[in-house]
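Here is the structure we will look at, set down as structure tokens.
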Amino acid sequence: MKITDIQTYPVWAGHRNFLFVTVETDEGIYGLGESGLTGRELAVMGALEHFKALLVGQNPMRIEHLWQTLSRGGFFPHDRILGSALAAVDIALWDIKGKALGLPVYDLFGGKVRDSVVCYCHLSGGHGTDLDLLVEDARAKVAEGWKFLRWGLPNDGELLHPNLAIRQTVEQFEAVREAVGPDIELCFDVHTRLTPPEAVTLCNAVRPYRPYFIEDPLRSESQQAFRMLRSRTDVPLAAGEQFCSKWDFREMIDGDLIDYARVDLCIAAGLSEGRKIAGWCEGHYIDMAVHNPLGPVATAACLHFNLSVSNMAVQEQPRQPGTVLTDVITNQPLWEDGSILAPTAPGLGIELNREAAAAHPFRMQELPHLRRTDGSFTNW
């Protein structure tokens, strides 16, 4: 079997773009992957054009060899753009191998260690300030069967008022915890918006409401800052969604600076790299909470990953699978009572309808930008 082509499918889903990628072979088997660099899809497509020359004619079953070639073959180690392109290819290669061997991808990783994968959803309002909307949706999601809920640090339109946002967050935690009771897990995403002193204040203020974790309390560029935060709060911390390789995670893992690794399989170079990170984390009792605000292909990849790693905690799942782009990605996995069930079909278990993908053309879209009251830029 030989690789014959790499094709890209940037698809508009009504609220954002998803970038699906296929690896084609001369035996008619294709693999399906997804890139995770939201808002920079065209840059990833350019990287994939460079990758074609390295992939066409190669044996798709040599996944690790191809991974090393793509990661290191341009002399400069892969970054987030190349890592996202590599991730899509790597996921597609595992899909090919599973289809060729007639096995689900999780069986290629040693088989299932669990029968289903528990997930957390995104609450309506997201990073908003409407407390009633947040509480109402929390109750509704619990009624649907979700066991984990997620929302984020509130902003006022394009403005972030850190001290006000912290006070609002405490009010939100109190109201949501009262509404859903003690058995529902609450995940909170700061989205890298706070300074270290602000993050310390927030973490300690919400501690009485028992957050499952506080995600990305600080910017990711300096992992050393997490050392300070770790020493000043005992609230569980989660980070890693902006990292593109195991090397990015090194200080976080070796320093035991996080409790949950937020690996994005569609940025951090795919299933191959994700499993290496998971093994490293296991040695430090760090659990995996994969970052997955993406499309149906990413959901399937995360599902197979989480079915096969022992140190899995929870999978991010903004909404139930089978509710987005069902005409483009068919045979999406089943969701039941807060968890996604293990598929049985070979490979990832999903298929791409290319004609339907063409009916959802790419739209140029920029992510939101935030500023503080003095006009300075701050992270969204």
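The values are calculated or read from the model by the stated rules, or taken from the named source; none is laboratory data. If you're wondering where the values come from, they're calculated on a predicted model, not measured in any experiment. Positions of Cβ are generated from backbone atoms using ideal geometry, with glycine treated the same way; all protein chains shown enter the neighbour counts.
Condition test on residue 370, is it within 21 Å of residue 195 (Cβ to Cβ) and in contact with a strand residue (DSSP E or B) (Cβ under 6 Å, 6 or more places away or on another chain)?
Values: within 21 Å of residue 195 (Cβ to Cβ): yes; in contact with a strand residue (DSSP E or B) (Cβ under 6 Å, 6 or more places away or on another chain): yes.
Yes.
When the criteria are applied in full, residue 325 meets the requirement of being more than 16 Å from the chain's Cα centre (by Cα) and either more than 30 Å from residue 196 (Cα to Cα) or surrounded by 21 or more Cβ atoms within 10 Å (Cβ to Cβ) (or both).
Taken over the stretch 26-44, residues that are within 25 Å of residue 99 (Cβ to Cβ) and surrounded by fewer than 19 Cβ atoms within 10 Å (Cβ to Cβ) amount to 4. Taken over the stretch 338-364, the criterion of being touching a helix residue (DSSP H, G or I) at 6+ places or on another chain (Cβ under 9 Å) and at pLDDT below 95 is satisfied by 362, 364.
In the stretch 137-167, what residues are of a type in the set (A, V, I, L, M, F, W, C), without any contact (Cβ under 8 Å) to a residue 60 or more places away in the chain and more than 24 Å from residue 320 (Cα to Cα)? First the steps, then the outcome.
First, pick out the residues of the stretch 137-167 that are of a type in the set (A, V, I, L, M, F, W, C): 138, 140, 142-143, 146, 148-149, 151, 153, 159-160, 164-166.
Going one step further and asking which of them are without any contact (Cβ under 8 Å) to a residue 60 or more places away in the chain, we end up with 138, 140, 142-143, 149, 151, 153, 164-166.
Result: 164, 165, 166.
Selection within the stretch 198-237: residues that are assigned to a helix (DSSP H, G or I) and among the polar types (S, T, N, Q). The member of this set that is surrounded by the most Cβ atoms within 10 Å (Cβ to Cβ) is 201.
As for the stretch 185-195, it holds at least one residue that is surrounded by 17 or more Cβ atoms within 10 Å (Cβ to Cβ), touching a Pro at 6+ places or on another chain (Cβ under 7 Å) and farther than 29 Å from residue 335 by Cα.
Residue check: residue 13 meets all listed conditions (1) over 23 Å from residue 243 (Cα atoms); (2) touching a strand residue (DSSP E or B) at 6+ places or on another chain (Cβ under 8 Å) but one, namely (2). Within the stretch 169-219, being β-branched (Val, Ile, Thr), more than 22 Å from residue 143 (Cα to Cα) and in contact with a helix residue (DSSP H, G or I) (Cβ under 9 Å, 6 or more places away or on another chain) holds for 169, 170, 190, 195, 200, 201, 206, 214.
Taken together, the criteria exclude residue 9 from residues that are closer than 20 Å to residue 296 by Cβ, in contact (Cβ under 8 Å) with a residue 24 or more places away in the chain, of a type in the set (Ser, Thr, Tyr) and not in a strand (DSSP E or B). The stretch 261-380 holds no helices (runs of 4 or more DSSP H) entirely within its bounds that carry 1 or more residues that are of a type in the set (Phe, Trp, Tyr) and more than 25 Å from residue 213 (Cβ to Cβ). Going residue by residue through the stretch 273-286, is there one that turns out to be under 15 Å from residue 116 (Cα atoms) and free of Cβ contacts under 8 Å to residues at least 40 places away in the same chain? No, the conditions are met nowhere in the stretch 273-286. For the stretch 135-192, give me each residue that is within 28 Å of residue 339 (Cβ to Cβ) and of a type in the set (Val, Ile, Thr). 135, 142, 169, 176, 180, 184, 190, listed by residue number. Quick check on this structure: which one of 197, 211 is more than 22 Å from residue 43 (Cβ to Cβ), free of Cβ contacts under 8 Å to residues at least 12 places away in the same chain and not small (Gly, Ala, Ser)? Unique residue meeting the criteria: 197.
On inspection, residue 164 fails the criterion of being touching a Pro at 6+ places or on another chain (Cβ under 9 Å) and outside the structural domain of residue 311 (by TED's automatic domain parsing).
Summed over the stretch 56-96, the residues that are of a type in the set (Val, Ile, Thr) and more than 17 Å from residue 30 (Cβ to Cβ) give a count of 2.
Listed here are the residues, each with its yes/no results for (1) closer than 21 Å to residue 212 by Cα; (2) free of Cβ contacts under 8 Å to residues at least 40 places away in the same chain; (3) crowded, with 19+ Cβ neighbours inside 10 Å; (4) among the hydrophobic types (A, V, I, L, M, F, W, C).
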position: 91; (1), (2), (3), (4): no, no, yes, yes
position: 113; (1), (2), (3), (4): no, no, no, yes
position: 117; (1), (2), (3), (4): yes, no, yes, yes
position: 120; (1), (2), (3), (4): yes, no, yes, no
position: 128; (1), (2), (3), (4): yes, yes, no, no
position: 135; (1), (2), (3), (4): yes, no, no, yes
